[in-house]
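The structure appears right after this line, and notes come after that.
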Amino acid sequence: MKRLNNLFSQIISIENLIKADEKAQKGKIRQYGVRIHNKNKKENILKLHDLLISKNYKTSQYDIFKVFEPKERDVYRLPYYPDRICHHAIMNVLEPVFVAVFTADSYSCIKGRGIHKASSNLRKSLRNQHETTFCLKLDIKKFYPNIDHNILKILLRRKFKDFDLLWLLDEIIDSAPGLPIGNYLSQYLANFYLTYFDHWIKENLKIKYYFRYADDIVILHHDKGYLHQLLKDIERYFKFNLKLEVKNNWQVFPVAKRGIDFVGYKHYHSHVLLRKSIKKRFAKMMKKNPNKSSLASYMGWAKHCNSRNLLKKLTTDVQLQRFKH
């Protein structure tokens, strides 16, 4: 694999920092940090450029808070200036590099893929019923908090030889334990952390039906025993190569009986339903006389699956008319 150099100068250029600032502000123009930054925008961009070129840039202190949906977790938030601008500046240059090394079977945080692409490709695979009789479904125990900094740095050095860039990435990586959920850069680094595992699955083990969204993994096969053995191989790979563990809620099951709960949908060979928890939230929202944007959000989920009976049960003709207009 070719190692890349001379990327740091592109990242810290004034032109790229201005572009990063513009991207980072999209949809956030009223946020307090953005408004404060915009009062001295030009001076701030120049100061950030100087901090990066002199290697005096340090990640700011995180604001840490808890969220409880879909599960309890700590979310880390950095100030708009200088950190979020810096992260966007990095990704302006590195995003195409990362995407080029990701396999086609990874869907999280990749433009043109995402939840509905993952679901669509899974549905196409399930048409081959005789090859997709059984499913191995697993995820990783506390994935983001358990990402090992030293291993991540080694993996990054397999791809990059730009020492200035590696200094900047190391500084950001070491700013919090694991990878902090909420950082713009974290989602790409997390994907990168698993990308060589993806290549091992596809190229070494020749697994045909493999899907990964973040740390949620689905593998299909006609042989149940093969999937049990594959699980042991995956556990071994995680332990020795990435210092990760498979969560103990893994499952090997017949698709026809259980369906595959993945990216918000329950996938069967013949049809696809909305995930139970999303249906419950949809029903709860409908009881509260929803506004147009709330209804549109759930209708967006529903239109990608077999939801006619669900919509008939939850919505009235009047509410549907509101949505259409």
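Read-outs throughout are calculated quantities, based only on the coordinates presented, and are distinct from any laboratory measurement. On a predicted model such as this, the values are computed, not experimentally measured, just so you know. Here Cβ is always computed from backbone atoms with ideal geometry, including for glycine, and neighbour counts include all displayed protein chains.
Computed from label points 7 Å out along Cα-Cβ, the spacing between S9 and W200 is 3.7 nm.
For the range 3-151, the equivalent ellipsoid derived from the alpha-carbon gyration tensor has semi-axes of 36, 20, 16 Å in decreasing order. Per-residue ellipticity at 222 nm computed for the chain from its helices equals -15000 deg cm²/dmol, with DSSP H segments shorter than 4 residues left out and the rest contributing -39,500 (n - 2.57).
At most 16 other Cβ atoms within 10 Å and a DSSP loop assignment: could you name the trypsin sites (Lys or Arg not before Pro) in the range 72-172 that fit?
Here the trypsin sites (Lys or Arg not before Pro) that fit, given the DSSP loop and packing criteria, are K111, R127, K141, K142, K161.
Reported value for the range 218-295: 139 Å³ per residue, from the convex hull of its C-alpha atoms.
Restriction of the chymotrypsin sites (Phe, Trp or Tyr not before Pro) in the range 1-85 to DSSP coil positions whose beta-carbon has at most 11 other beta-carbons within 10 angstrom yields F68. Between the range 150-216 and the range 57-75, the C-alpha centres lie 20 angstrom from each other. The alpha carbons of the range 146-215 occupy a box of 38, 27, 17 Å along the principal axes, longest dimension given first. What shape does the chain have by the C-alpha gyration tensor, where a ≥ b ≥ c are the square roots of the eigenvalues, rounded means a/c under 1.5, and otherwise prolate means a/b greater than b/c and oblate the rest? Cα axes put the chain in the oblate bin.
Computed from the Cβ-Cβ distance with R0 of 35 Å, the FRET efficiency linking N249 to Y32 stands at 0.30. Suppose R0 equals 22 Å; then what is the FRET efficiency for K303 and H271 from their Cβ-Cβ distance, rounded to the nearest 0.05? Once rounded, the FRET efficiency stands at 0.95. In straight-distance terms, cross-link reach from K292 covers every one of the aspartates and glutamates whose alpha-carbon lies under 16 Å from its own, apart from those fewer than eight places away in the same chain; here that gives D317. Within the range 186-238, all pairs of alpha-carbon atoms sorted by distance into 10 Å bins from zero give the percentages 22, 58, 18, 2.
Compute the relative contact order of the chain as a whole-number percentage, counting only Cα pairs closer than 8 Å that sit 6 or more residues apart in sequence. Kindly include the intermediate steps, with their values, before the conclusion.
Numbers: 387 pairs, mean separation 65.9, N = 325.
The value is 20 percent.
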